[in-house]
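J.: Just passing along the structure, written as structure tokens.
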Amino acid sequence: MKVKMLSRNPDNYVRETKLDIQRVPRNYDPTLHPFEVPREYVRALNATKLERVFAKPFLASLDGHRDGVNCLAKHPKSLATVLSGACDGEVKIWNLTERKCIRTIQAHEGFVRGICTRFCGTSFFTVGDDKTVKQWKMNGPGYGEEEEPLHTILGKTVYTGIDHHWKDPAFATCGQQVDIWDEQRTSPVSSMNWGFDSISSVKFNPIETFLLGSCASDRNIVLYDMRQATPLKKVILDMRTNTICWNPMEAFIFTAANEDYNLYTFDMRALDAPVMVHMDHVSAVLDVDYSPTGKEFVSASFDKSIRIFPVDKSQSREVYHTKRMQHVICVKWTSDSKYIMCGSDEMNIRLWKANASEKLGVLTSREKSANDYNQKLKEKFQHHPHVKRIARHRHLPKSIYSQIQEQRIMKEARRRKEMNRRKHSKPGSVPIVSERKKHVVAVVK
Amino acid sequence: METAPKPGGSVPPKKGRLPAMRKKPRRYWEEEATSPAAGPPRKKTRTLEPGPTRRKSANGPKPRNQRKPGGRKAAQRRKPEQTLSGAQDPFPGPAPARVDAARKFCRIDRSEKLPRAKRKTRSKLEAAEAQEEEASARAARSELLLAEEPGFLEGEDGEDTAKILQTDIVEAVDIASAAKHFDLNLRQFGPYRLNYSRTGRHLALGGHRGHVAALDWVTKKLMCEINVMEAVRDIQFLHSEALFAVAQNRWLYIYDNQGIELHCIRRCDRVTQLEFLPFHFLLATASETGFLTYLDVSVGKIVTALNARAGRLSVMAQNPYNAVIHLGHSNGTVSLWSPAMKEPLAKILCHRGGVRAVAVDSTGTYMATSGLDHQLKIFDLRGTFQPLSARTLPQGAGHLAFSQRGLLAAGVGDVVNIWAGQGKASPPSLEQPYLTHRLSGHVHGLQFCPFEDVLGVGHSGGITSMLVPGAAEPNFDGLENNPYRSRKQRQEWEVKALLEKVPAELICLDPRALAQVDVVTLEQQKKERIERLGYDPDAKAAFQPKPKQKGRSSTASLVKRKKKVMDQEHRDKVRQSLEQKQQQQKQEKAKPTGVRPSALDRFMH
């Protein structure tokens, strides 16, 4: 007979000395790992719960302004530097790592309406209610020098916004019309307008750098090409758009923050219907900024909260609020895509984590792999009702919560009315209009 | 008598090829020789592809990564890359993986398609499937790293392995294995029930007259020994070797490994059988009063008590694949229970008389039952619960147990019979026993030791530890059950296991059901949505002809155009169904009258 018994040498399975790590032989045979799916499900459930436990997004509040913060700007070269302009004409430069103000400038009389940095990071521009455009050096004045702007341009009308070209020494302002300026000159290179109304914001496209977008109070969004004398096309919406922001990864996509509580993501090539309508806010949306990855954006609203939306989802994935934060006027996503800054009415700038439950600092490789594994599990089981409920739950202030309920009732009533109207009229005479097409009034070329 | 052959000896040597194989081994930097028979030197290690499917072609080297024909992806046929020095990679492409091994790890059923999935969903599913496939291929490739080979026992020509005595085996094997065979003569307190811990390291035994002991049976170190002064019906380790439950005459008790009584559970009274579900932390107890009670040992609460309505319960087994409890009844049925349901999941009529013993194998595919009609039957648990094979034993088996590799042991009076199947996933064939052994008393308890080629038998004369070569899974997974784990490792494992305790409600016949699309709920949701909205948002809009210029937009022409489109759609449908029919017919025809497969067919692709 031939016989072989299973006989293991223990030396192959236990560590030699106490200084070694324990040996863990693996065998991936499914029969040795029963209940694979239920166990993964339980792990996913636990990971989702832990994510909510560790969701502490608020990092810091930068106080020092003496009036509401009206505008924010990122430094193009330094992650730690951020600039802010207030309603009393003061501009402050902050260091985020120390969470301190490093410089204060009394830039304008009245509001600082807009602020932007030059692409090289050596200087920045501000516009204010005093009808001036000022260029400032990023570094403070030397000992004994006075705080003076590099250049000052006196305009005829109030400027409401400013943005700098991403590559060339040119910038654009808006007010009664959109002006394109050369940095060296004191008069605009070109002025463009389409109708007569005050334009609230202008933004350069970060990829197709000659393109601009602006939004005006006559409810339209206008697109321009810097090389042409006239605007390209415009889209008219139901209500006024406050700001727009271009997607930094996809040249033709931009998102508009609208007064009707919604955000609209448009494809520049087909403006007759937005790609996606993002609806979660319960009051006017005042500002929007894209993450550098182009996958998500953050919006600031008059309802005292900021929300993070995935570009391809109509519902927000996250809402941030505090008891003390008032109407949020401006918001920025930092260039490392990890943090969000928002400036609000009650004079503070707040710093948030973009991913609420993320652990800051250096992660060990085991932490990282555990994180990745949990992420994958959450993704796999995200549609299970129990997991979904926990992942979706957010605590909201009473004002927002009751507003949501109220608006849901209103929307339902409107829908019911339309359904009844359709039921009692000639078939086809009350067409079904999709939510995306409902809000666009017209496209003009 | 020979010693054990080297691992990998399963590949039969090809006699005709031998002279060609003896060629000088080539180095990897040498040019590919013209003779294709001189295989790469790596072939001497373990071959992964089954022998007959290996390709040997006469014209030049072929990449080794070719799968069987009918593989899902087109096999990547990469030519060996030429480097600057002119050397060739002798093993181009990814390492080969055995197809049947990959199938073992495959978790997706490709035959099932989601009805009317949207394009986005479909693409997501396709990506997931591709990932899954890659994962299974990689897992299959990692089998190369497994260190141990299973044991075996082979008789010489015409020799019956059942005639081989334990003493012969003990003489033939190494000392360490020989030490695993022992007898404990405990005539005073017998008959004994026994239970191995999940790692296979520890053994708990309970004599009917009150003797309870737990020991590390490998080192023969006694952990505790007590006499509970009461009849002991059954004994069972809980999730680790630190705790065990004892079903005593009146109530259920839980002791720790020093023999200290931790709990007395009076809600479980007159318990006859115990089963522990390790991933759910549930202790299932069957009682004389006819109740099947689930006790959650992590929180100490009774989850459910189910009334089986079948009188005294004394036959119980768990299905390790889906944690369903099988109860054998005196009317010949076996009922399947889960704590989520008040009624049995299924009832199987197995025997003419009462059922004496039930066992389920580790893959959850086969169930063995024995009844008062002296029959031993094996059932297929996949789907229809049909009997696969049956055999009449002269006395009928009182106890049954499956090993990890699918061996079936039966205690018949004072004899233990063991049957083996062809491979790991095949049912044991009941024609010829693989081993038999006569004990000094009647069998009362039977369990294969996990991860060791040992069968523990409790009988009226004590405990016998039998050697059964080839019974156990040779390669354990260190993160699940590690026989060599340290105290620290055990503590860590315990915390993790408790964190991922599966809720009792999830026990059902198919444990993978949780990962499948709930089509019923999905359709219900869709119906509700359509009702709420007043229209179907996913429906395809009816064709509406566009108005045309120059007077071609008359009503008649509009209707005509509409009609044309409708007819076209109808024609498409008819054509599709016709094509389907034709294909079916073709397949049916091709089956019987196909040309005989030739050995050269594999070169045709």
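The values are calculated or read from the model by the stated rules, or taken from the named source; none is laboratory data. All of these numbers come straight from a predicted model, not from anything done at the bench. Don't worry about glycine lacking a Cβ; one is built from the backbone with ideal geometry, like all the others, and counts go over all protein chains shown. For the accessible areas, the whole protein counts, side chains as well, though only heavy atoms, and no ligand, DNA or RNA atoms are used. Shrake-Rupley method; radii C 1.70, N 1.55, O 1.52, S 1.80 Å.
J.: I'd like to compare B:536-546, B:463-473, A:122-132: which one has the highest average count of other Cβ atoms within 10 Å, and what's the full order after that?
T.: B:463-473, A:122-132, B:536-546
J.: From the mean inverse distance of alpha carbon pairs (Kirkwood) and the Cα radius of gyration, derive Rg over Rh for region A:269-339.
T.: 0.98
J.: Follow-up question, since we're still on this one. Relative to the Cα centre, what is the charge dipole magnitude of region A:322-416, using +1 at the beta carbon of each Lys and Arg, -1 at the beta carbon of each Asp and Glu, and rounding to the nearest 20 debye?
T.: The dipole magnitude comes to about 480 debye.
J.: Rounded to the nearest 10 Å², what accessible area does residue A:75 have for a 1.4 Å probe in the complete protein model?
T.: 20
J.: Right, something else. Kindly provide the Kirkwood hydrodynamic radius of region A:286-411 in Å, to one decimal, from all pairs of distinct alpha carbon atoms.
T.: Final number for the Kirkwood radius of region A:286-411 is 16.2 Å.
J.: Using only the C-alpha atoms of region B:410-531, find the volume of their convex hull and express it per residue in Å³.
T.: 206
J.: Sticking with this structure for a sec: Using the Kirkwood radius built from alpha carbon pairs, what does the Stokes-Einstein equation give as D for region A:158-274 at 10 °C and 1.306 mPa s, in µm² per second?
T.: Rounded, D is 113 µm²/s.
J.: Can you tally the net charge around residue A:430? Count Lys and Arg as +1, Asp and Glu as -1, for every other residue whose Cβ sits under 10 Å from the Cβ of residue A:430.
T.: +3
J.: Give me the lysines in straight-line cross-link reach of residue B:564: C-alpha distance below 29 Å, same-chain residues under 8 apart excluded.
T.: Here the lysines satisfying the reach criterion relative to residue B:564 are A:426, B:118, B:540, B:546, B:548, B:550, B:573, B:581.
J.: On to the next question. What shape does region A:73-210 have by the C-alpha gyration tensor, where a ≥ b ≥ c are the square roots of the eigenvalues, rounded means a/c under 1.5, and otherwise prolate means a/b greater than b/c and oblate the rest?
T.: prolate
J.: For chain A, find the longest principal axis of its Cα atoms and tell me its angle to the long axis of helix A:398-423, 0 to 90°, nearest 10.
T.: Once rounded, the angle reads 80 degrees.
J.: Next up: If A:143, A:339, B:253 are ordered by their accessible area, calculated over protein heavy atoms with a 1.4 Å probe, which sequence runs from highest to lowest?
T.: A:143, A:339, B:253
J.: With the contact rule set at Cα under 8 Å and sequence spacing of 6 or more, what percent relative contact order holds for region A:129-275?
T.: Computed over region A:129-275, the figure is 13 percent.
J.: Tell me, what is the 1.4 Å probe accessible area of residue B:173, in Å² to the nearest 10?
T.: Using a 1.4 Å probe on the heavy atoms, I get roughly 20 Å².
J.: Where the convex hull is taken over the Cα atoms of region B:308-350, what is its projected area averaged over directions, in nm²?
T.: 3.0
J.: Can you give the log10 of the normalised intensity I(q)/I(0) at q = 0.12, 0.18 Å⁻¹, computed with Debye over equal Cα scatterers of region B:219-364?
T.: -0.48, -1.04
J.: Follow-up question, since we're still on this one. When only alpha-carbon atoms count, how far does region A:232-350 stretch along each of its three principal axes, as whole angstroms with the largest first?
T.: 41, 32, 25
J.: State the Cα centre-to-centre distance between region A:1-58 and region A:179-250 in whole Å.
T.: 58
J.: All other residues with a Cβ under 13 Å from the Cβ of residue A:275 taken together, and with Lys, Arg as +1 and Asp, Glu as -1, what is their net charge?
T.: In short, -1.
J.: Give me the distance between the Cα centres of region A:363-379 and region B:442-508, rounded to whole Å.
T.: The two parts, judged by their Cα centres, are 30 Å apart.
J.: So, one more: What's the long-distance tail for region A:1-144, i.e. % of Cα pairs beyond 20 Å?
T.: Distances greater than 20 Å cover 68 percent of the Cα pairs.
J.: Using only the Cα atoms, work out Rg/Rh for region B:172-297, with Rh taken as the Kirkwood radius, to two decimals.
T.: Looking at region B:172-297, the ratio lands at 0.99.
J.: Oh, and also: Roughly how many Å² of residue B:379 are accessible to a 1.4 Å probe, to the nearest 10?
T.: That residue has around 10 Å² of solvent-accessible surface.
J.: Next question, about the same structure. Work out the charge dipole of the protein assembly as shown with +1 on the Cβ of Lys and Arg and -1 on the Cβ of Asp and Glu about the Cα centre, then indicate which of B:258, B:410, A:410 is farthest towards its positive end.
T.: A:410
J.: Another question about this same structure. Under unit Cβ charges (Lys, Arg +1; Asp, Glu -1), what dipole magnitude, rounded to 20 debye, does region B:381-466 have relative to its Cα centre?
T.: 220
J.: Which percentage, to the nearest 5, of the DSSP beta bridges contained in the protein assembly as shown is antiparallel?
T.: Around 100 percent of the beta bridges assigned by DSSP in the protein assembly as shown are antiparallel ones.
J.: Rg and Dmax of region B:374-472 over Cα atoms: what are they, in angstrom?
T.: Every Cα atom of region B:374-472 included, Rg and Dmax give 13.1, 41 Å.
J.: What are the trypsin sites (Lys or Arg not before Pro) within region B:271-320 that DSSP puts in a loop, where the Cβ has at most 11 other Cβ atoms within 10 Å?
T.: Sparse-neighbourhood loop trypsin sites (Lys or Arg not before Pro): B:309.
J.: Something else now. At 10 °C and a viscosity of 1.306 mPa s, what translational diffusion coefficient does Stokes-Einstein give for the protein assembly as shown, taking Rh as the Kirkwood radius over Cα pairs? Give it in µm²/s as a whole number.
T.: In µm²/s, the coefficient is 44.
J.: Provide B:251, A:94 ordered by accessible surface of protein heavy atoms (probe 1.4 Å), highest first.
T.: Solvent-accessible surface, decreasing: B:251, A:94.
J.: Over 23 Å between Cα atoms, which of A:313/A:368; A:376/A:398; A:423/B:526; A:156/A:445 qualify?
T.: Result: A:313/A:368; A:376/A:398; A:156/A:445 exceed 23 Å.
J.: Report, to the nearest 10°, how far helix A:365-380 tilts away from the longest principal axis of the Cα atoms in chain A, using its own Cα long axis and a range of 0 to 90°.
T.: Taking the Cα atoms of chain A, the angle to A:365-380 is about 80 degrees.
J.: Using only Cα atoms and rounding to the nearest 10 degrees, what angle (0 to 90) does helix A:36-53 make with the longest principal axis of chain A?
T.: Around 40 degrees separate the two axes.
J.: Among A:71, A:343, B:599, which residue has its Cα furthest toward the positive end of the charge dipole of the protein assembly as shown, with +1 on Lys/Arg Cβ and -1 on Asp/Glu Cβ?
T.: B:599
J.: Collect residues whose amide H, placed 1.01 Å from N in the peptide plane, falls under 5 Å from the amide H of residue A:216; neighbours closer than 5 in sequence don't count.
T.: Sorted by chain and number, the residues that satisfy this are A:200, A:222, A:241.
J.: Nearest 500 deg cm²/dmol is fine: what mean residue ellipticity at 222 nm does chain A get from its DSSP H runs of n ≥ 4 alone, each adding -39,500 (n - 2.57), divided by its residue count?
T.: -5500 deg cm²/dmol
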